[in-house]
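Here's the structure, in structure tokens; my notes come after.
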Amino acid sequence: MDTDLTAAYDRCRELHRHHGRTYYLATRLLPAWKRRHVHALYGFTRYADEIVDRTEELPAARRAAQLDDWARRFIAGLHGESVNDPLLPAVLHTIAVFNLNRDDFASFLHSMAMDLTVSSYPTYDDLLHYMEGSAAVIGTMMLPILGSADPAAAREPARQLGFAFQLTNFIRDVAEDLDRGRTYLPDEDLTRFGVTRDDLLAARAAGRTSEPIRGLIQYEVARAQAHYAAAAPGITLLDPASQACIRTAYTLYGGILDEVAEQGFDVFARRARVPQHHRLAEAARALLTRTGTPVRVPGPPLREPTSSANLPR
């Protein structure tokens with residue numbers, strides 16, 4: 001591997017290590033040859049997110065121009081042009097090695113662009129459209145790297161795990177997203193529980209929630225659980241060498257829902273986190289778990305009507 005490509009993979013790994021600690025820990029359970037490709041995909045998604053969310057002092061039009069410029073360089077690289085970029089060579093190499101679906105990357109970049117202009121979502125179907133690009137395609141990008149004896153059967157669970165992880169982030173990060181001027185909890189859900197954006201802003205300012213907001217968050221937790229339940233069968237369909245990694249990620253991301261429930265569905269008092277000692281214990285447990293063992297759906301007991309009604313249509 002040439003020096004520039006090695007440096008690009010190293011850059012992706014550092015982004016992953018610094019920003020995605022839970023998933024980075026899980027990735028360490030993969031065979032070494034697979035890890036760098038997972039780092040490359042993480043680097044791609046993280047760098048785009050950095051353009052959108054970590055340059056907030058810039059006008060939206062300026063951020064959009066930066067995202068467009070980076071996307072053009074990426075597309076040029078896909079067409080074989082030389083790319084002067086610190087991480088794209090690793091991404092392009094991973095795409096070539098696994099023949100990843102380029103449409104998934106276009107869909108992801110489209111969702112990132114939406115974050116520059118869309119501040120809320122009227123319905124859950126609208127949010128699912130956004131998450132299709134921001135989350136579900138991550139699952140389908142990952143699947144060829146993880147490997148499966150039955151990729152067709154594993155595809156939908158992989159997509160569902162993307163939805164589950166993304167919605168978990170939205171539940172945990174309600175306060176942070178408000179600071180960015182966004183709400184990812186659908187407007188129709190706020191209305192269902194008699195909550196307004198002003199109510200959320202007031203809870204953010206007070207550092208504590210109200211009973212209607214507790215009900216809203218509990219509802220979203222149950223919705224996320226439905227995605228975890230739909231994703232669970234896919235873990236046992238993965239290559240044996242990949243199951244410990246995804247089992248760990250599943251358990252630790254799902255553990256955020258357990259933490260949210262433990263703190264009474266108050267996402268404003270503190271940011272829900274899985275303690276480091278628990279992360280390490282779960283990683284060790286996953287390594288010792290027999291291949292093919294089912295996973296537990298995270299969070300409080302799953303209500304059957306919620307699990308069936310709120311899956312994507």
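Listing for the model above:
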item	result
Qualifying residue in region 108-126 (condition: under 12 Å from the mean Cα position of the chain (by Cα), aromatic (F, W, Y) and closer than 21 Å to A226 by Cα)	no
Pair list, Cβ under 8 Å, 6 or more apart: region 206-222 residue of a type in the set (G, A, S), other residue part of a helix (DSSP H, G or I) and at pLDDT below 95	A222/T306; A222/S307
Complete set of residues in region 97-115 that are open to solvent by 30 Å² or more (accessible area, probe 1.4 Å) and of a type in the set (D, E)	D103
Residue in region 80-91 that is farthest from G133 (Cα to Cα), counting only those that are out of contact with any Lys or Arg (no Cβ under 9 Å at 6 or more places or on another chain) and buried (at least 21 other Cβ atoms within 10 Å of the Cβ)	P89
Test: T196 is modelled with pLDDT of 95 or more, open to solvent by less than 20 Å² (accessible area, probe 1.4 Å), over 16 Å from A272 (Cα atoms) and β-branched (V, I, T)	no
Output for region 116-160, where each listed residue is farther than 20 Å from D53 by Cα, in a loop (DSSP other than H, G, I, E, B), open to solvent by 20 Å² or more (accessible area, probe 1.4 Å) and of a type outside the set (A, V, I, L, M, F, W, C)	P122, T123, D150
Q166, sole failed condition from (1) within 24 Å of R296 (Cα to Cα); (2) part of a loop (DSSP other than H, G, I, E, B); (3) of a type in the set (S, T, N, Q)	(2)
Condition broken by T191, with the remaining ones in (1) open to solvent by 50 Å² or more (accessible area, probe 1.4 Å); (2) of a type in the set (S, T, Y); (3) closer than 24 Å to Y42 by Cα satisfied	(3)
Unmet requirement for T168, which otherwise passes all of (1) out of contact with any Phe, Trp or Tyr (no Cβ under 7 Å at 6 or more places or on another chain); (2) buried (at least 23 other Cβ atoms within 10 Å of the Cβ); (3) polar (S, T, N, Q)	(1)
Test: residue in region 7-15 that is open to solvent by less than 60 Å² (accessible area, probe 1.4 Å), touching a Pro at 6+ places or on another chain (Cβ under 8 Å) and either touching a residue at least 12 places away in the same chain (Cβ under 8 Å) or among the small types (G, A, S) (or both)	yes
Some residue of region 147-162 being over 30 Å from P31 (Cβ atoms) and either in contact with a His (Cβ under 8 Å, 6 or more places away or on another chain) or not β-branched (V, I, T) (or both)	no
Considering residues of region 33-68 that are of a type in the set (G, A, S) and under 23 Å from N101 (Cα atoms) only, the residue surrounded by the fewest Cβ atoms within 10 Å (Cβ to Cβ)	A48
Filter result for A249 (outside any helix (DSSP H, G or I) and crowded, with 17+ Cβ neighbours inside 10 Å)	no
Some residue of region 226-233 being at pLDDT 95 or above, surrounded by fewer than 21 Cβ atoms within 10 Å (Cβ to Cβ) and either assigned to a loop (DSSP other than H, G, I, E, B) or over 18 Å from the mean Cα position of the chain (by Cα) (or both)	yes
Enumeration of residues in region 23-36 that are under 17 Å from the mean Cα position of the chain (by Cα) and not polar (S, T, N, Q)	Y23, Y24, L25, A26
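The values are calculated or read from the model by the stated rules, or taken from the named source; none is laboratory data. All of these numbers come straight from a predicted model, not from anything done at the bench. Quick reminder, even Gly has a Cβ in these numbers, built from the backbone with ideal geometry, and neighbours come from all protein chains shown. Side chains included, ligands, DNA and RNA excluded: accessible areas come from the protein's heavy atoms. Shrake-Rupley method; radii C 1.70, N 1.55, O 1.52, S 1.80 Å.
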